[in-house]
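Please read the structure below before turning to the comments.
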Number of protein chains: 2
Amino acid sequence: MMLSDAMEDYLKAIYRLQSETGTPVSTSAIAEEVEKTAPTVTSMVQNLAERGLVEREKYKGVELTPEGETVALEVVRHHRLLEAYLTEQLDYSWVDVHEEADTLEHHISEEFEQRVAEMLGDPDVDPHGDPIPGADLRPLDGDETTPLSDHDAGDRVVVSRVRDRDEAELAYLDDAGIRPGTVVDVVNVAPFGMVTVRIDGDEQSLPEAVARTIRVRPARADRTPTEGVSDA
Amino acid sequence: MMLSDAMEDYLKAIYRLQSETGTPVSTSAIAEEVEKTAPTVTSMVQNLAERGLVEREKYKGVELTPEGETVALEVVRHHRLLEAYLTEQLDYSWVDVHEEADTLEHHISEEFEQRVAEMLGDPDVDPHGDPIPGADLRPLDGDETTPLSDHDAGDRVVVSRVRDRDEAELAYLDDAGIRPGTVVDVVNVAPFGMVTVRIDGDEQSLPEAVARTIRVRPARADRTPTEGVSDA
DNA sequence: GTCGTGGATTAGACGTGTCTAATGAATAAG
DNA sequence: CTTATTCATTAGACACGTCTAATCCACGAC
């Protein structure tokens, strides 16, 4: 199937939103993600539905079909492989690979994808810690990580992934020494929206908004973090 | 100036045709080069003229302005750097880099271009022997090479460049051991459209149509090839 | 010089992706 | 249960790049 760049972008957006929330995705959420107006999204979504890439219930929301998910996974694979490649082979900083990958992801051939993957030894994660879908495009496993902001004082965690889309935020984290693999001790979760942590013996405070975008896993297997949503 | 991929393709096409012939370029020539219909070309050319990228005389032909040439040179630089990069760093064969480069040339950033150029040590030519415009995008020097088919029996020449656009032809040349740098002795130019050459002691015959796409320079400075067009 | 032919342009249409303005549905508040 | 608000959709327009069909210009043959 021949898809436009725009369509791939919408599918990627829906994929991301759907992964985050686990529920059908609203028109306005997509609109925000792709930076287009709501009517534009409606008409694109209709188009995607006609092609069998999404399932849509009017006035409710939209979900990817398996075919749609496969396309999204392909785009995500391209994106993350490119981020890894640009960082490792072309000396890009992890702070600014995102933009370049966002364009190129739509324009590389199957062959390019394969060669890059091979060159990198089929990596599992990109420089921000995000998992790279395999060449088979099987859906990714559920996310085991939790937001740093959901943890309590005393927890020791390992940074698993950080959000790749905001350059300023990435630059901030880079400066703070926070990247995938960094061990973080939660010192204090203050009520005023700051989280104090110790990294490498060094204490520092992060805005809660930032802490929320840092996904972590327990540093020791016997410690489980508090879940943000107490579930049903 | 924000140009579409399509516009860049037209400018590149005009650049190539203009370099080959040295004269204004016809609508039909462009149409063939970009594989679009003549009316499509007319309307695109009007558009380019409005933007000051080409000079146009209705019913006559079109030429690049200096600005248009600069854009074309940028695209060509991207294309040829990419061909060099894909060949050297990603193990592509020179036979099939062209297609990948043709797409990517429109989508790499200035930063990408710089890093690739640096990684390769600012190469002067791509894998097919075509000159790579410098970062300053100064017009390329005039072409000193001559078609192999313009030479006579007894001439010893060095292959300078081969046409990069026809994969079948490239595969053929690759198989024949003909690439930039190959030393070729012209054995015989038969009237029936075949050119016999000796390469590495090995004699073989090439169709004249192919020999015409192989650009060569004299192997010794004191020997000048016969010019195809006896000029005015 | 006239005319015919071939190439170029204009006319008019279409698909895609986008927008703003107007309308319609779902839902939360009372 | 009604209504107000919010969010989604429909209506209609536009830019862009493309096409086919119709018309127009230039130039070589006579």
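The values are calculated or read from the model by the stated rules, or taken from the named source; none is laboratory data. The shown structure was predicted, so the numbers you read here are calculated from the model rather than taken from an experiment. Cβ placement follows ideal geometry from the backbone for every residue including glycine, while neighbour counts extend to all protein chains displayed. With ligands, DNA and RNA removed, areas are computed over all heavy atoms of the protein, side chains included. Shrake-Rupley method; radii C 1.70, N 1.55, O 1.52, S 1.80 Å.
Please give the FRET efficiency for B:A190 paired with B:L140, using the beta carbon to beta carbon distance and R0 = 56 Å, rounded to the nearest 0.05.
On the way: r = 34 Å, r/R0 = 0.61.
Result of the calculation: an efficiency of 0.95.
Once every Cα of the range B:146-218 carries one equal point scatterer and solvent is ignored, give the base-10 log of I(q)/I(0) from the Debye formula at q = 0.15, 0.22 Å⁻¹, two decimals.
Result of the Debye calculation: -0.40, -0.91.
What is the range A:102-230 by shape, rounded, prolate or oblate, if you read a ≥ b ≥ c off the alpha carbon gyration tensor as root eigenvalues and call it rounded for a/c under 1.5, prolate for a/b larger than b/c, and oblate otherwise? Let's see the in-between values first.
On the way: a/c = 2.36, a/b = 1.88, b/c = 1.25.
Because a/c hits 1.5 or more and a/b exceeds b/c, the range A:102-230 counts as prolate.
What full-extension length gain, to one decimal in nm, is calculated for A:A6 and A:L120 as 0.36 nm per residue of separation minus the Cα-Cα distance? Mind showing how you got there, number by number?
Details: separation 114, 0.36 × 114 = 41.04 nm, distance 2.83 nm.
Result for the pair: 38.2 nm of gain on full extension.
Straight-line reach only, C-alpha to C-alpha below 20 angstrom: list the lysines that A:K36 could link to, leaving out same-chain residues fewer than 8 apart.
Reachable lysines: A:K12, A:K58, A:K60.
What full-extension length gain, to one decimal in nm, is calculated for B:R198 and B:E88 as 0.36 nm per residue of separation minus the Cα-Cα distance?
Length gained between B:R198 and B:E88: 36.8 nm.
As an exercise, take the mean of 1/r over every pair of distinct alpha carbons in the range B:5-64, invert it, and state the Kirkwood radius in angstroms.
On the way: mean 1/r = 0.0911 Å⁻¹.
Every distinct Cα pair counted, the radius reaches 11.0 Å.
Please list, short to long, the whole-number percent of alpha-carbon pairs of the range A:155-194 in consecutive 5 angstrom bins beginning at zero.
With 5 Å bins starting at 0, P(r) equals 6, 20, 23, 26, 20, 5.
Quick one: Cα convex hull volume of the protein assembly as shown, Å³ per residue?
Spread over its residues, the Cα hull of the protein assembly as shown gives 210 Å³ apiece.
To the nearest 10 square angstrom, how much accessible area does A:H98 have with a 1.4 angstrom probe?
Here the accessible area works out near 20 Å².
For chains A and B, what's the summed buried accessible area, probe 1.4 Å, to the nearest 100 square angstrom? Could you put the intermediate results ahead of the total?
Details: alone 12840 and 12860 Å², together 24110 Å².
It comes to approximately 1600 Å² buried between A and B.
Counting each DSSP H run of 4 or more residues in chain A as -39500 (n - 2.57), what helix-only mean residue ellipticity at 222 nm follows after dividing by all residues, to the nearest 500 deg cm²/dmol? Intermediate results must be reported in sequence, preceding the final value.
Details: 8 runs with 95 residues, N = 232.
Mean residue ellipticity at 222 nm (helix-derived): -12500 deg cm²/dmol.
If the chain between B:D152 and B:T65 were fully stretched, how many nm would it gain, using 0.36 nm times the residue separation less the Cα-Cα distance?
Working: separation 87, 0.36 × 87 = 31.32 nm, distance 3.82 nm.
Fully extending the segment from B:D152 to B:T65 adds 27.5 nm.
Is there a simple number for the mean count of other chain Cβ atoms within 10 Å of the Cβ of residues in A:108-118, and what is it?
Working: counts 4, 5, 0, 6, 6, 0, 1, 6, 1, 0, 2.
Average neighbour count from other chains, rounded to a whole number: 3.
Return the carbon/sulfur percentage of the accessible area of the range A:104-145, one whole number, probe 1.4 Å, all protein chains in place.
Carbon and sulfur atoms account for 45 percent of the accessible area of the range A:104-145.
May I ask you to give the percent of accessible area on the range B:5-64 that is carbon plus sulfur, with a probe radius of 1.4 Å? List each step's numbers first, then the result.
Working: 1560 of 3440 Å².
The nonpolar share, carbon plus sulfur, comes to 45 percent.
Would you please calculate the Kirkwood hydrodynamic radius of chain B over all C-alpha pairs and express it in Å, rounded to one decimal? Walk me through the numbers before you get to the answer.
On the way: mean 1/r = 0.0526 Å⁻¹.
After inverting the pairwise mean of 1/r, the radius is 19.0 Å.
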